[in-house]
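Novice: I am attaching a structure below and will ask some questions about it afterwards.
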Amino acid sequence: MTVKAKELTVGQQIQVEYGDYDNWVDFQIDGIRADEKYIKVDCHTDTIHTTLVMKLEEMVEVQV
């Protein structure tokens, strides 16, 4: 399912291309901070803890 970044919620799992081309990683959302232009998504997977920055209207793949 694809949603806008501004619709993401803590606890969801998202799939993003991370690192190399065509390297898809599933991240668990730990926290969300937004301002008028961007959303900062604190997330993790088994060995990676990172913050992803996206535009509010950017489309993101959510795992269901």
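The values are calculated or read from the model by the stated rules, or taken from the named source; none is laboratory data. This one's a predicted model, so the numbers in the text were calculated from it and none came from an experiment. Neighbour counts run over all protein chains shown; Cβ positions are idealised from the backbone, glycine included. When the accessible area is computed, the model is the full protein with side chains, heavy atoms only, and any ligands, DNA or RNA have been set aside. Shrake-Rupley method; radii C 1.70, N 1.55, O 1.52, S 1.80 Å.
Novice: All but one of (1) modelled with pLDDT of 95 or more; (2) exposed (fewer than 14 other Cβ atoms within 10 Å of the Cβ) hold for residue 36; which doesn't?
Specialist: Condition (1) is where residue 36 drops out.
Novice: Scan the stretch 33-49 and give yes if some residue there is in contact with an Asp or Glu (Cβ under 7 Å, 6 or more places away or on another chain) and among the small types (Gly, Ala, Ser), otherwise no.
Specialist: There is no residue in the stretch 33-49 that is in contact with an Asp or Glu (Cβ under 7 Å, 6 or more places away or on another chain) and among the small types (Gly, Ala, Ser).
Novice: Among the listed residues 53, 10, 41, which satisfies the condition of being part of a loop (DSSP other than H, G, I, E, B), in contact with a strand residue (DSSP E or B) (Cβ under 6 Å, 6 or more places away or on another chain) and surrounded by 10 or more Cβ atoms within 10 Å (Cβ to Cβ)?
Specialist: Criteria check complete, one pass: 10.
Novice: If you don't mind, another one. Six or more apart or on different chains, Cβ under 8 Å: which pairs go from a residue in the stretch 1-27 that's closer than 8 Å to residue 60 by Cβ to one that's basic (Lys, Arg)? Could you list them?
Specialist: 5/55
Novice: Something else: List every residue pair whose Cβ atoms lie under 8 Å apart, where the two residues are 6 or more positions apart in sequence or sit on different chains, the first residue falls within the stretch 39-64 and is on the phi < 0 side of the Ramachandran plot, and the second residue, located anywhere, is of a type in the set (Gly, Ala, Ser) and open to solvent by 40 Å² or more (accessible area, probe 1.4 Å).
Specialist: Partner pairs satisfying both residue conditions: 40/34; 56/34.
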